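As structure tokens, the structure follows; a few thoughts come after it.
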Amino acid sequence: MLNKLLKYDLKYMIKNMAIFYILSIFFAITTRILFNMEQSVIINIIGQISVGCMFAMIINTLINTIMRSWVRFRDSLYKDESYLTHTLPVTKNDLYNSKFIQTLIFFFISFIVILISLFIAYYSKENWLAITNYVKTITTGLNMSTSFFITMAIIIIFLEVFNAIQCGFLGIILGNKMNNGKIGYSVLFGFITYLVAQSLILGLVFVYGLFDSSIMELFKTATINIDVEAFKVLAILSSLLYIMIIFIMSILCKKELNKGVNVE
């Protein structure tokens with residue numbers, strides 16, 4: 001039954017997100033074409049407009065992935081659609097798992113679309129060399145592997161945003177337990193949950209620092225000359241803590257859902 005739920009959730013998301021994916025790539029292509037044409041005042045103006053539209057679509061892709069995930073979660077569990085949803089022979093855990101997997105899939109797809117759009121618009125040997133040389137300058141200065149630096153940066157950003165999305169899910173669940181002002185309470189509880197999650201991660205890193213002086217030094221020093229090995233440990237530790245927080249919060253969300261749902 002989870003597969004069927006997921007199928008409907010994916011259909012909803014692709015229906016709402018496809019336009020942003022298409023427009024992001026479309027404007028990336030027009031940007032590429034215009035920038036490779038013989039330049040004139042008009043071509044340059046149109047090219048800049050195309051660039052602006054491409055970045056607008058990229059930003060909208062990211063924002064709408066987050067917002068649509070929240071809207072889908074709320075509508076299917078608490079709005080008119082929920083009357084059908086809650087008559088299905090499925091558990092609350094399956095309902096939540098479907099939303100969780102759907103969000104994970106589309107957040108990943110959106111991330112790939114953004115990278116493809118930027119690649120289409122700006123890739124050239126010169127630009128690629130400039131970027132790789134810039135990154136190598138940073139990583140060489142830090143005495144760090146370039147692949148490790150890029151991989152950890154992507155993983156942490158991905159987990160950070162996904163954690164924020166799930167904080168929104170918990171906020172919606174808690175907010176809809178209220179009798180009035182459900183949207184306002186949902187935003188408030190989601191924001192509080194996010195702050196708690198971030199504080200918990202920071203606190204756990206600090207606790208780890210009590211047993212690792214190199215990590216504790218990161219809390220004390222104000223200079224940029226940090227211990228590279230400590231930075232590597234911090235990056236890996238932060239990623240693992242985000243995964244742990246996401247897992248624990250999913251359990252908490254399911255627990256709250258199983259207590260009952262107040263349909264509007």
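The values are calculated or read from the model by the stated rules, or taken from the named source; none is laboratory data. Keep in mind that this is a model prediction, so the values were computed, not measured. Heads up, the Cβs are rebuilt from the backbone with ideal geometry, glycines too, and the neighbour counts pull from every protein chain shown.
Per-structure values
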read-out	value
Residue that is without any contact (Cβ under 8 Å) to a residue 60 or more places away in the chain, under 29 Å from Phe149 (Cα atoms), not in a loop (DSSP other than H, G, I, E, B) and not assigned by TED's automatic domain parsing to the domain that holds Ile101, where the choices are Tyr194, Tyr242, Tyr185	Tyr194
Any hit, region 149-156, residues being surrounded by 15 or more Cβ atoms within 10 Å (Cβ to Cβ), within 13 Å of Arg74 (Cβ to Cβ), aliphatic (A, V, I, L, M) and not assigned by TED's automatic domain parsing to the domain that holds Phe100	no
Test: residue in region 77-86 that is in a helix (DSSP H, G or I), basic (Lys, Arg) and not assigned by TED's automatic domain parsing to the domain that holds Val161	no
Qualifying residue in region 11-18 (condition: within 22 Å of Ser250 (Cβ to Cβ), surrounded by 13 or more Cβ atoms within 10 Å (Cβ to Cβ), under 23 Å from the mean Cα position of the chain (by Cα) and among the aliphatic types (A, V, I, L, M))	yes
Options Ser98, Ser50: the member that is small (Gly, Ala, Ser), touching a Leu at 6+ places or on another chain (Cβ under 7 Å), in contact (Cβ under 8 Å) with a residue 40 or more places away in the chain and over 21 Å from Ile154 (Cα atoms)	Ser98
Asn133 being farther than 29 Å from Met244 by Cα and not in a helix (DSSP H, G or I)	no
Residue that is out of contact with any Ser or Thr (no Cβ under 8 Å at 6 or more places or on another chain) and polar (S, T, N, Q), where the choices are Thr91, Thr65	Thr91
Condition broken by Asp94, with the remaining ones in (1) touching an Asp or Glu at 6+ places or on another chain (Cβ under 7 Å); (2) crowded, with 16+ Cβ neighbours inside 10 Å; (3) among the acidic types (Asp, Glu) satisfied	(1)
Residue pairs meeting the criteria (Cβ under 9 Å; at least 6 apart or on separate chains; first farther than 12 Å from Leu237 by Cβ, in region 209-220; second at pLDDT below 80 and of a type in the set (S, T, N, Q))	none
Selection from region 198-249 of residues that are surrounded by 15 or more Cβ atoms within 10 Å (Cβ to Cβ), of a type in the set (Val, Ile, Thr) and at pLDDT below 80	Ile215
Flag for Asn44 being at pLDDT below 90 and either assigned to a loop (DSSP other than H, G, I, E, B) or over 26 Å from the mean Cα position of the chain (by Cα) (or both)	yes
